[in-house]
Ligand SMILES: NC(=O)c1ccc[n+]([C@@H]2O[C@H](COP(=O)([O-])OP(=O)(O)OC[C@H]3O[C@@H](n4cnc5c(N)ncnc54)[C@H](O)[C@@H]3O)[C@@H](O)[C@H]2O)c1
């Protein structure tokens, strides 16, 4: 396995280092060879070379089998103009690698059901399939002067092809699960959402065994809290997916638990926690590394088809939580290193 590590900013280096320890232990146990190339992206790249995504980082990502990323961004770079901000690096890697599908499993662990803010919710298991390289985050944006003075605009554009490929990812994923897809849009207001809905309807006819439904995003935000158990696979646009998955993360107890896989048409993909660089806890040694460790499990399963190895990591995490070993964000006192050690002991 030839991996590129993008540690990034804030807690990024702390959690990536934990995940690498877990990957090394699994690789050693199952006799796989892993080589790593570390590269800069985000704020650290701005400090070092003046821009967030150096070409050498893109080249390294393109040369590797997969990318493991921590997080980018932080207050130090918040006043930079949009095109120079650390977050541009993320968007750039996703675009350069053609990673249009972001898979975000959201699962409530039994051991953490008490951390779920909903009453009488003991379990749910949702996957949010978020479109990743289109829509508002990649549309035309800018500043202007209009009748009301200074203006700014961001545009949402989706082609039928972009919608179809993310839709197909969701339907195919649902086949392996509880066979239900909910497409989330804002078709009562947005033209891009009306096309989204038309394409999803066409696609749903190719998958008669999958139960399909549409939901407006405002209702989806409400339904996630009212009854998360009703969902299996949610498919949605870049921006709606970004917001809904952060909302959903809170139902699991902490955003520090949620991994993700960003996939394209090739096997090469990027794996990263859904959370950001958490500047408020950076350097304290208390970041929860589980989201990044579970991202490694997704990488072993999705890119390398190493299902036993992936499952061993997932089981180790679950066992550690079951035994009550918890970090601060989920009501415990273990440090990043201590919980990593507990997970390593289970492998
Ligand atoms: N993928 C990415 O790199 C990514 C994603 C989102 C935000 N960001 C950037 O991160 C910076 C901070 O953003 P934010 O504060 O809105 O979101 P954030 O996800 O970094 O933090 C939100 C809250 O969750 C907590 N948290 C996050 N990850 C945690 C973990 N692993 N363990 C324990 N607690 C954790 C933080 O301490 C904070 O209180 C910004 O610059 C933002 O642009 C980057």
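The values are calculated or read from the model by the stated rules, or taken from the named source; none is laboratory data. As the structure is a computational prediction, the values presented were derived from the model and not from experiment. Here the Cβ positions follow ideal geometry from the backbone for every residue, glycine too, while neighbour counts run over all protein chains shown.
Quick notes
- Residue 161 being away from the ligand (no atom under 16 Å from the Cβ) and either closer than 22 Å to residue 39 by Cα or surrounded by 14 or more Cβ atoms within 10 Å (Cβ to Cβ) (or both): no
- Single residue of 270, 298, 239 found to be closer than 22 Å to residue 132 by Cα and either surrounded by fewer than 21 Cβ atoms within 10 Å (Cβ to Cβ) or more than 20 Å from the chain's Cα centre (by Cα) (or both): 239
- Considering region 1-120, the qualifying helices (runs of 4 or more DSSP H), each wholly inside and each with 2 or more residues that are in contact with a strand residue (DSSP E or B) (Cβ under 6 Å, 6 or more places away or on another chain), run over 12-30, 55-63.
- Unmet criterion (only one of (1) within 15 Å of the ligand (Cβ to nearest atom); (2) in contact (Cβ under 8 Å) with a residue 24 or more places away in the chain; (3) within 14 Å of residue 111 (Cβ to Cβ)) for residue 332: (2)
- Some residue of region 21-28 being under 30 Å from residue 341 (Cα atoms), within 15 Å of the ligand (Cβ to nearest atom) and either in the same structural domain as residue 327 (by TED's automatic domain parsing) or loosely packed, with under 15 Cβ neighbours inside 10 Å (or both): yes
Here is a yes/no grid of residues against (1) within 16 Å of the ligand (Cβ to nearest atom); (2) in a loop (DSSP other than H, G, I, E, B); (3) in contact with a strand residue (DSSP E or B) (Cβ under 8 Å, 6 or more places away or on another chain); (4) within 28 Å of residue 89 (Cα to Cα):
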site: 218; (1), (2), (3), (4): no, no, no, no
site: 242; (1), (2), (3), (4): yes, no, yes, yes
site: 248; (1), (2), (3), (4): yes, no, yes, yes
site: 261; (1), (2), (3), (4): yes, no, yes, yes
site: 271; (1), (2), (3), (4): yes, no, yes, yes
site: 275; (1), (2), (3), (4): yes, yes, yes, yes
site: 279; (1), (2), (3), (4): yes, yes, no, yes
site: 300; (1), (2), (3), (4): no, no, no, yes
site: 313; (1), (2), (3), (4): no, no, no, no
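- Looking only at residues in region 281-290 that are more than 6 Å from the ligand (Cβ to nearest atom) and farther than 12 Å from residue 74 by Cα, the one that is surrounded by the most Cβ atoms within 10 Å (Cβ to Cβ) is 290.
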